């Protein structure tokens, strides 16, 4: 199922990016990591310069791709609230002090979600396959396990390969899951 709001915002975004040539890649699988890896393979086969992941439950501003491309970064995207707002933001900023949190421009990230993410294709030349998969951590001192999503695993792989992750905070304030309020800085 694709939300009408997703199709409208995606169509408007593509119209606002006249200098880019788009190849629409869609992969359906009950396993999101399999889909993301398949999308990388299709983008590589198409000899794309960038891969833009946009989940079908996202609503994005018209200038999303233009802004993300303008930064000339290898990995840049948006942070946004998780579907359940009680769980907070989907990603994590890479800042030491709260006063370093900005509401415009770029902000370093230590975990970047893939729901609205631009990746330069050359990044995949330096990462081991599979690029996306679910991780499992077992705690020795506890009888517990933690599951890490495919985007968390990708973030760790990219950082370990020497890449920096970035949030575009202007996009971050406007992007949202369909039916949610946009991300806000300090509850504004």
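The values are calculated or read from the model by the stated rules, or taken from the named source; none is laboratory data. Everything numeric here is computed off the predicted structure, so don't read it as measured data. All Cβ positions, even for glycine, are placed from backbone atoms using ideal geometry, and neighbour counts span all protein chains on display.
Worth a mention:
Each row is one residue, and each column tells you yes or no for (1) part of a helix (DSSP H, G or I); (2) in contact (Cβ under 8 Å) with a residue 12 or more places away in the chain.
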| site | (1), (2) |
| --- | --- |
| 17 | no, yes |
| 21 | no, no |
| 39 | yes, yes |
| 66 | yes, yes |
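- Criterion (at pLDDT below 85 and touching a strand residue (DSSP E or B) at 6+ places or on another chain (Cβ under 9 Å)) met by exactly one of 25, 75: 25
- Residue in the stretch 117-135 that is farthest from residue 49 (Cα to Cα), counting only those that are part of a helix (DSSP H, G or I) and touching a residue at least 12 places away in the same chain (Cβ under 8 Å): 126
- Residues located in the stretch 98-133, provided they are closer than 13 Å to residue 159 by Cβ, in contact with a strand residue (DSSP E or B) (Cβ under 9 Å, 6 or more places away or on another chain) and at pLDDT 95 or above: 123
- For the stretch 1-16, taking the residues that are out of contact with any strand residue (DSSP E or B) (no Cβ under 6 Å at 6 or more places or on another chain) and buried (at least 17 other Cβ atoms within 10 Å of the Cβ), the one that is farthest from residue 66 (Cα to Cα) is identified as 6.
- Of all residues in the stretch 25-37 being crowded, with 17+ Cβ neighbours inside 10 Å and either assigned to a loop (DSSP other than H, G, I, E, B) or free of Cβ contacts under 8 Å to residues at least 40 places away in the same chain (or both), the one that is nearest to the chain's Cα centre (by Cα): 35
- Any chance residue 128 is within 22 Å of residue 32 (Cβ to Cβ) and loosely packed, with under 10 Cβ neighbours inside 10 Å: yes
- Positions within the stretch 146-156 being over 21 Å from residue 106 (Cβ atoms) and out of contact with any strand residue (DSSP E or B) (no Cβ under 7 Å at 6 or more places or on another chain), in sequence order: 149, 150
- For residue 183: the one exception among (1) at pLDDT 95 or above; (2) in a loop (DSSP other than H, G, I, E, B); (3) surrounded by 10 or more Cβ atoms within 10 Å (Cβ to Cβ): (1)
- Among the residues of the stretch 134-161, those identified as under 15 Å from residue 35 (Cβ atoms), at pLDDT below 95 and either over 18 Å from the mean Cα position of the chain (by Cα) or crowded, with 19+ Cβ neighbours inside 10 Å (or both) are 150, 151.
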